[in-house]
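Below is a structure I'd like to ask you about.
The values are calculated or read from the model by the stated rules, or taken from the named source; none is laboratory data. Just so it is clear, the structure is predicted and the values come from calculations on it, not from any experiment. Positions of Cβ are backbone-derived with ideal geometry, glycine not excepted, and every protein chain shown enters the neighbour counts.
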Amino acid sequence: MSQWYLFRQNNSYGVWVGPVNVVVEATSEDEAWAIAIRDTEVYKDEGQDCECCGSRWEWVDDHPTPRAPLSVIVNEWAEQLSDYYKSVAIYCLDGTVHRIGPQHD
C-alpha cells in the first residue's frame, strides 16, 4: 500500500529552488527517494550545500502519512505550513503532478 512521503527544502544560500516542499507517493522510503531523485528537484547531498545553512533537502519524514485522498493530504499539510512555505509539488504514483502555491526559481 502506498503512503505519502514529505521532503522539505532548507533555504541553503538564502535561496529557494523550486517548491519548498515535495510530497511523493510511494510504497517505501527507498522508493520515495528513488522517485524524488528521478522525477523532482530533490537530491541527496552527501556533503553539505552550504557551510552555514546545511543541505538543501531534508531526509524523508520519519513518519510517512498513510494513503489518503489527495485533498486530505493537502489540507493537513497546508495547515501546518505558514503562508510563505505553502509551495508544494505532489508526485503521485500514477504520474500525476500537482503544484500548489508559489514555485520559486
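Starting from residues that are over 10 Å from the mean Cα position of the chain (by Cα) and surrounded by 19 or more Cβ atoms within 10 Å (Cβ to Cβ), keep the ones in segment 18-31 and report whichever is nearest to V88 (Cα to Cα). Write out each step before concluding.
Keep residues of segment 18-31 that are over 10 Å from the mean Cα position of the chain (by Cα), which gives 18, 25-31.
Pick out the ones that are also surrounded by 19 or more Cβ atoms within 10 Å (Cβ to Cβ) and you get 25-26.
Values: E25: 13, A26: 17 Å.
Among those that are over 10 Å from the mean Cα position of the chain (by Cα) and surrounded by 19 or more Cβ atoms within 10 Å (Cβ to Cβ), it is E25.
So which residues in segment 14-28 are of a type outside the set (V, I, T) and at pLDDT 85 or above?
E25, A26, S28
Based on what the data block shows, is Y13 among the hydroxyl-bearing types (S, T, Y) and outside any helix (DSSP H, G or I)? I'd like the intermediate steps shown before the answer.
Details: among the hydroxyl-bearing types (S, T, Y): yes; outside any helix (DSSP H, G or I): no.
No; evaluated as a whole, the condition is false for this residue.
Does A78 satisfy being under 18 Å from G18 (Cα atoms), in a helix (DSSP H, G or I) and either of a type in the set (S, T, N, Q) or modelled with pLDDT under 70 (or both)?
Values: under 18 Å from G18 (Cα atoms): yes; in a helix (DSSP H, G or I): yes; either of a type in the set (S, T, N, Q) or modelled with pLDDT under 70 (or both): yes.
Yes, satisfied.
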